[in-house]
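Working notes for the structure below.
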């Protein structure tokens, strides 16, 4: 029998591990891209909003096992499965923060000196996505990289992506359709946006 997991506060909403793996996990291609970005840029402080089963987290943490990866998950049962997966993979540089992002993100950001890389894959609605972006902004530097998942998942997410790209701090954006990447390089005098088929 498949283990079922409660999602959020609604006890009637349940998803099986198989369902989460099938629908929420990033494909190998995208997880490998995130691995390569972290491996190349070697960001000091890595944050992931949306652990799920920890597959993407494992790729981020494997890029440099000396760098801590802070990952946030709203559902305790899902976080427990992810923690088991990290143990099996012998990844000891991952710290899971459990709880609703609206309640836990500000506390984590207060504890971090900055954010050099963040993968935002939590709440796929406009208002929360914009809110997470705005909370991250004060912790970013000109070499920070933010990656937003499913930027074309819905009209709301497309609106959030448009809002993020238009922010004055963003100097470069790359739209890979399934994910959107933003950079903050001050030496880039002219804002540029690229759409690439990946």
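For the condition surrounded by 14 or more Cβ atoms within 10 Å (Cβ to Cβ), part of a loop (DSSP other than H, G, I, E, B), in contact with a strand residue (DSSP E or B) (Cβ under 7 Å, 6 or more places away or on another chain) and modelled with pLDDT of 90 or more, what is the one hit in 182, 115?
Checking each option against the conditions leaves just 115.
Scan the stretch 79-101 residue by residue and report those that are part of a helix (DSSP H, G or I), touching a residue at least 40 places away in the same chain (Cβ under 8 Å) and under 19 Å from residue 31 (Cα atoms).
Within the stretch 79-101, 81 is the sole residue that qualifies.
Could you look through the stretch 62-78, keep only residues that are under 15 Å from the mean Cα position of the chain (by Cα) and in contact (Cβ under 8 Å) with a residue 40 or more places away in the chain, and pick out the one that is farthest from residue 131 (Cα to Cα)?
Filtering first and then ranking leaves 70.
For the structure I just gave you, tell me whether residue 59 is free of Cβ contacts under 8 Å to residues at least 60 places away in the same chain, crowded, with 20+ Cβ neighbours inside 10 Å and either out of contact with any strand residue (DSSP E or B) (no Cβ under 9 Å at 6 or more places or on another chain) or over 20 Å from residue 113 (Cβ atoms) (or both).
yes
Restricting attention to the stretch 178-187, does a residue exist that is in contact with a helix residue (DSSP H, G or I) (Cβ under 7 Å, 6 or more places away or on another chain) and without any contact (Cβ under 8 Å) to a residue 60 or more places away in the chain?
Scanning the stretch 178-187, I find at least one residue that is in contact with a helix residue (DSSP H, G or I) (Cβ under 7 Å, 6 or more places away or on another chain) and without any contact (Cβ under 8 Å) to a residue 60 or more places away in the chain, so the answer is yes.
Hey, among the residues in the stretch 102-112 that are touching a residue at least 40 places away in the same chain (Cβ under 8 Å) and in contact with a helix residue (DSSP H, G or I) (Cβ under 9 Å, 6 or more places away or on another chain), which one's surrounded by the most Cβ atoms within 10 Å (Cβ to Cβ)?
Among residues in the stretch 102-112 that are touching a residue at least 40 places away in the same chain (Cβ under 8 Å) and in contact with a helix residue (DSSP H, G or I) (Cβ under 9 Å, 6 or more places away or on another chain), the one surrounded by the most Cβ atoms within 10 Å (Cβ to Cβ) is 105.
The values are calculated or read from the model by the stated rules, or taken from the named source; none is laboratory data. These numbers come from a predicted model, not from an experiment. We place every Cβ from the backbone using ideal geometry, glycine too, and count neighbours over all the protein chains shown.
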